[in-house]
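This report concerns only the one structure given below.
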Amino acid sequence: MEINLLAFGQIVEITGKSAWKMAGIKDTNALIQDLEKQFPHLVKTNYSIAVNKKVIQENTAINENDTIALLPPFSGG
Amino acid sequence: MNSKPNNRYQRQIQLKEIGQEGQDKITQAKVLIIGAGGLGCPALQYLAAAGVGTIGIVDFDVVELSNLQRQILYNLDDIGKPKATTAAGKIKALNLEIQIETYNLQITNKNALEILENYDLIIDGTDNFATRYLINDACVILDKPLIYGAVLRFEGQIGVFNYSNFETNIKTNYRDLFPKPPNLDSAISCNDVGVLGVIPGIIGTMQATEALKIICGIGKPLANKIVSYNVLENSFYDFEIAANENSNSDFPKNKAEFLAFNYEWFCNANLDVETISIEEFDTIRKQETITIIDVREIGELPVVDEFAFLHIPLSELEKTLSTLSTENIIVVYCKSGQRSAKAVQLLKEKFPNSQSFSLKGGIEAWKNIN
């Protein structure tokens, strides 16, 4: 089961890429765990997660071909 | 004099979605722009050009050389002048038919409600998280639509908070998207990492566009949504925001709670670095030899000539760390105290036993007293 990942803002600096695919992830909690293992700097970083463009706040199931976006806050003006 | 009827707004009145009725709404509208910087400049220009009847401008800052790359209302002669009054002057030269209110001050929880109350809609063009949360909460308490914009590097975010498109009655806000303020590591700003000048130009122009849509009641304002735009990729990506029950816990819910809420603390709660007050700093630097480090970028104002210091911009600090002596007490300052806190964190990681402090309130607070 493949899913699509998109990163924005300073998340891209941490992951080193803005779009990639992952497999074997069943929900957003598992995704966060996996991402933090791959990219330890994410632990200390704030970001919101959107599953298929909807911002989620609680653990959410992930299905095949879903697109998960990681959006950090910006403060620049 | 021009004897023809006033055709200043003819091109937009021609649009059937706007017409004279829409123009009348624009004339009656009152819009407050907080921050006359990269976002505020284009938003101000387009709203003044469109004839928004009353425009308020809030900014406590002065124009610096490093602003001119993106803050397109200003020119070389404006350096050192207050942004709010300078911007107001430029806008008056553009349109004498509108009312401009100038607020040469920093928006705080003590003055926000009485200022915001006078306006129908608020544009956030500020550059720090504490003020963004403050404006968001004020708009929720006063039930005013808030047009949010933020920029970083090659990206921008724009959204409309506290406004429903009447398809639903749901009104979401910044706290539904980011319930917790970012910790120090995420709280980087354009001062630290840069921004392409056209980005705030694009996002500020989009903020003006959303304002005109809401004023005229046309199209689909970005309610309950945030759009992220990346110029390098030429890509837009939408995020739909849902009301978030969990965001309510530490949210001031009324005027009294808002007045009592400490936004600086809320946004710096994760900063675990020692600070030094202005008074302590002045005492100690007169009594003993201390190392003072300015971590602002080159050319930032105000200029400091009252004491000796090392100038190491935060972006250079990590590379330079190993050459620093930690024999003396180190006091780090920046403009407002955010970057210096980050610098002290870096110093402490490298030299856990060093005595390093961040100057509370930054050099601006110091200059206010000295």
- Might you let me know whether segment B:176-188 holds any residue that is facing chain A (nearest Cβ under 8 Å), on the phi < 0 side of the Ramachandran plot, touching a Phe, Trp or Tyr at 6+ places or on another chain (Cβ under 7 Å) and at pLDDT 95 or above? no
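Kindly establish whether B:G37 is free of Cβ contacts under 8 Å to residues at least 24 places away in the same chain and under 29 Å from B:D24 (Cα atoms).
Numbers: free of Cβ contacts under 8 Å to residues at least 24 places away in the same chain: no; under 29 Å from B:D24 (Cα atoms): yes.
Here the answer is no, as B:G37 does not meet what is asked.
Surrounded by fewer than 20 Cβ atoms within 10 Å (Cβ to Cβ) and within 22 Å of B:A88 (Cβ to Cβ): which single residue out of B:L68, B:L39, B:L73, B:L44 fits that description?
Working: B:L39 fails: surrounded by fewer than 20 Cβ atoms within 10 Å (Cβ to Cβ); B:L73 fails: surrounded by fewer than 20 Cβ atoms within 10 Å (Cβ to Cβ); B:L44 fails: surrounded by fewer than 20 Cβ atoms within 10 Å (Cβ to Cβ).
Within the list B:L68, B:L39, B:L73, B:L44, the selection yields B:L68.
Assess whether B:Y174 counts as being without any contact (Cβ under 8 Å) to a residue 60 or more places away in the chain, under 24 Å from B:N230 (Cβ atoms) and touching a helix residue (DSSP H, G or I) at 6+ places or on another chain (Cβ under 8 Å). Lay out the reasoning, then the answer.
Numbers: without any contact (Cβ under 8 Å) to a residue 60 or more places away in the chain: yes; under 24 Å from B:N230 (Cβ atoms): yes; touching a helix residue (DSSP H, G or I) at 6+ places or on another chain (Cβ under 8 Å): yes.
Taking the combined requirement at face value, the residue satisfies it.
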- Note on the structure: The strands (runs of 3 or more DSSP E) lying wholly within chain A that contain at least 3 residues that are in contact (Cβ under 8 Å) with a residue 40 or more places away in the chain and surrounded by 15 or more Cβ atoms within 10 Å (Cβ to Cβ) are A:2-7, A:67-71
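Out of the helices (runs of 4 or more DSSP H) lying entirely within segment B:1-108, which hold 3 or more residues that are within 21 Å of B:D127 (Cα to Cα) and away from chain A (no Cβ under 14 Å)? Can you show your working first?
On the way: elements: B:10-13, B:19-28, B:40-50, B:83-94.
Correct list: B:40-50, B:83-94.
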- Conditions (1) in contact with a helix residue (DSSP H, G or I) (Cβ under 9 Å, 6 or more places away or on another chain); (2) away from chain A (no Cβ under 11 Å) -> B:N165 fails only (1)
- Query: Are any residues in segment B:259-288 surrounded by fewer than 12 Cβ atoms within 10 Å (Cβ to Cβ), part of a helix (DSSP H, G or I) and at pLDDT below 90, and if so, which ones?
  - Reply: B:A260, B:W265
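Report yes if B:I298 is modelled with pLDDT under 90 and β-branched (V, I, T), otherwise no.
Working: modelled with pLDDT under 90: yes; β-branched (V, I, T): yes.
So B:I298 fits the description; yes.
Sort out which residues of segment B:230-246 are touching a strand residue (DSSP E or B) at 6+ places or on another chain (Cβ under 7 Å) and within 10 Å of chain A (Cβ to nearest Cβ), and write them in order of number. Spell out how you get there, then give the answer.
Start the filter on segment B:230-246 by keeping residues that are touching a strand residue (DSSP E or B) at 6+ places or on another chain (Cβ under 7 Å), which leaves B:230, B:236-242.
Those that are touching a strand residue (DSSP E or B) at 6+ places or on another chain (Cβ under 7 Å) and within 10 Å of chain A (Cβ to nearest Cβ): B:N230, B:Y237, B:D238, B:F239, B:E240, B:I241, B:A242.
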- Answer from B:I141, B:I135, B:I123 - the residue that is modelled with pLDDT of 95 or more and closer than 24 Å to B:V198 by Cβ: B:I123
- Go through the residues of segment B:49-58 one by one and say whether even a single one is surrounded by fewer than 19 Cβ atoms within 10 Å (Cβ to Cβ) and aliphatic (A, V, I, L, M). yes
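Given B:K171, B:K213, which one is part of a loop (DSSP other than H, G, I, E, B), surrounded by fewer than 22 Cβ atoms within 10 Å (Cβ to Cβ), assigned by TED's automatic domain parsing to the domain that holds B:A49 and at pLDDT 90 or above? It would help to see each step written out before you state the result.
On the way: B:K213 fails: part of a loop (DSSP other than H, G, I, E, B).
Testing whether each residue is part of a loop (DSSP other than H, G, I, E, B), surrounded by fewer than 22 Cβ atoms within 10 Å (Cβ to Cβ), assigned by TED's automatic domain parsing to the domain that holds B:A49 and at pLDDT 90 or above leaves just B:K171.
Restricting attention to segment B:216-232, and to residues there that are β-branched (V, I, T) and surrounded by fewer than 24 Cβ atoms within 10 Å (Cβ to Cβ), which single residue is farthest from B:I123 (Cα to Cα)?
Filtering segment B:216-232 for residues that are β-branched (V, I, T) and surrounded by fewer than 24 Cβ atoms within 10 Å (Cβ to Cβ), the one farthest from B:I123 (Cα to Cα) comes out as B:V231.
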- Can you name the condition, by its number, that B:N75 falls short on among (1) among the polar types (S, T, N, Q); (2) free of Cβ contacts under 8 Å to residues at least 24 places away in the same chain; (3) farther than 27 Å from B:N368 by Cα? (3)
- Message: Out of the residues in segment A:1-46 meeting the condition of being among the acidic types (D, E) and within 14 Å of chain B (Cβ to nearest Cβ), tell me which one is nearest to B:S228 (Cα to Cα).
- Response: A:E13
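Has segment B:191-205 got any residue that is in contact with an Asp or Glu (Cβ under 8 Å, 6 or more places away or on another chain), crowded, with 21+ Cβ neighbours inside 10 Å and modelled with pLDDT under 95? Can you show your working first?
Step one: filter segment B:191-205 for residues in contact with an Asp or Glu (Cβ under 8 Å, 6 or more places away or on another chain), giving B:191, B:199.
Okay, now just the ones that are also crowded, with 21+ Cβ neighbours inside 10 Å, so B:191, B:199.
Now drop any that are not modelled with pLDDT under 95, which leaves B:191.
Taking every residue of segment B:191-205 in turn, at least one turns out to be in contact with an Asp or Glu (Cβ under 8 Å, 6 or more places away or on another chain), crowded, with 21+ Cβ neighbours inside 10 Å and modelled with pLDDT under 95.
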- Any idea which of B:D143, B:D120 is at positive phi and either more than 8 Å from chain A (Cβ to nearest Cβ) or under 16 Å from the mean Cα position of the chain (by Cα) (or both)? B:D143
- Query: Would segment B:313-330 turn up any residue that is surrounded by 17 or more Cβ atoms within 10 Å (Cβ to Cβ), without any contact (Cβ under 8 Å) to a residue 24 or more places away in the chain and either over 24 Å from the mean Cα position of the chain (by Cα) or within 26 Å of B:N67 (Cα to Cα) (or both)?
  - Reply: yes
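The values are calculated or read from the model by the stated rules, or taken from the named source; none is laboratory data. Computed from a predicted model, the values in this text were never measured in an experiment. Virtual Cβ from ideal backbone geometry, glycine too; neighbours counted across all protein chains shown.
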